[in-house]
Amino acid sequence: MRAKLIALTIIASAVSFTATSQDALDYMTIQSIKSSMSKSDIEQALENWRSAQLENIEVRARYVSDRAPRQYIIDTIEDEYQVARQKLGL
């Protein structure tokens, strides 16, 4: 369980980087995840992250703006999820 929590934290930080830029920390994080977890574990961790984000849309919307449209937040989560899948080679 602790390993999955660490993986989710790492994945969340990896997702925060833009898709077009890849600095050394981003590269090392991705390589570390790929070498320490199986593809199915990575996919499961990403799904868990995505589900948790979608369950807490209201909290996330408050960080963006008090009037952030719900669909905007959902689209942002889905975009981050797809970027993470792409970076992790899934």
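Can you run down the residue pairs with Cβ atoms below 8 Å, 6 or more apart or on separate chains, where the first is in segment 79-90 and farther than 18 Å from Asp41 by Cβ and the partner is of a type in the set (Val, Ile, Thr)?
Cβ pairs passing all conditions: Glu80/Val15; Val83/Val15.
Within segment 13-31, track down each residue that is touching a helix residue (DSSP H, G or I) at 6+ places or on another chain (Cβ under 7 Å) and at pLDDT 65 or above.
Those that are touching a helix residue (DSSP H, G or I) at 6+ places or on another chain (Cβ under 7 Å) and at pLDDT 65 or above: Asp26, Thr29, Ile30.
Say we look at segment 45-71 and pick out the residues that are surrounded by 14 or more Cβ atoms within 10 Å (Cβ to Cβ) and without any contact (Cβ under 8 Å) to a residue 24 or more places away in the chain; which of these is farthest from Ile30 (Cα to Cα)? Let's see the steps before the verdict.
Here is the first cut: in segment 45-71, the ones surrounded by 14 or more Cβ atoms within 10 Å (Cβ to Cβ) are 45-46, 48-50, 53-54, 57, 60-61, 68.
Next, from what is left, pick out any that are without any contact (Cβ under 8 Å) to a residue 24 or more places away in the chain: 54, 57, 60-61, 68.
Details: Leu54: 23, Ile57: 26, Arg60: 25, Ala61: 27, Ala68: 31 Å.
Looking at the filtered set, the residue picked out is Ala68.
Looking only at segment 66-90, count how many residues are at pLDDT 85 or above and among the aromatic types (Phe, Trp, Tyr).
1
For segment 42-65, which positions are part of a helix (DSSP H, G or I) and either modelled with pLDDT under 85 or touching a Cys at 6+ places or on another chain (Cβ under 8 Å) (or both)?
Ile57, Glu58, Val59, Arg60, Ala61, Arg62, Tyr63, Val64
The values are calculated or read from the model by the stated rules, or taken from the named source; none is laboratory data. All values reported here derive from a predicted model rather than from experimental measurement. Glycine gets a Cβ as well: all are built from the backbone with ideal geometry, and neighbour counts include every protein chain shown.
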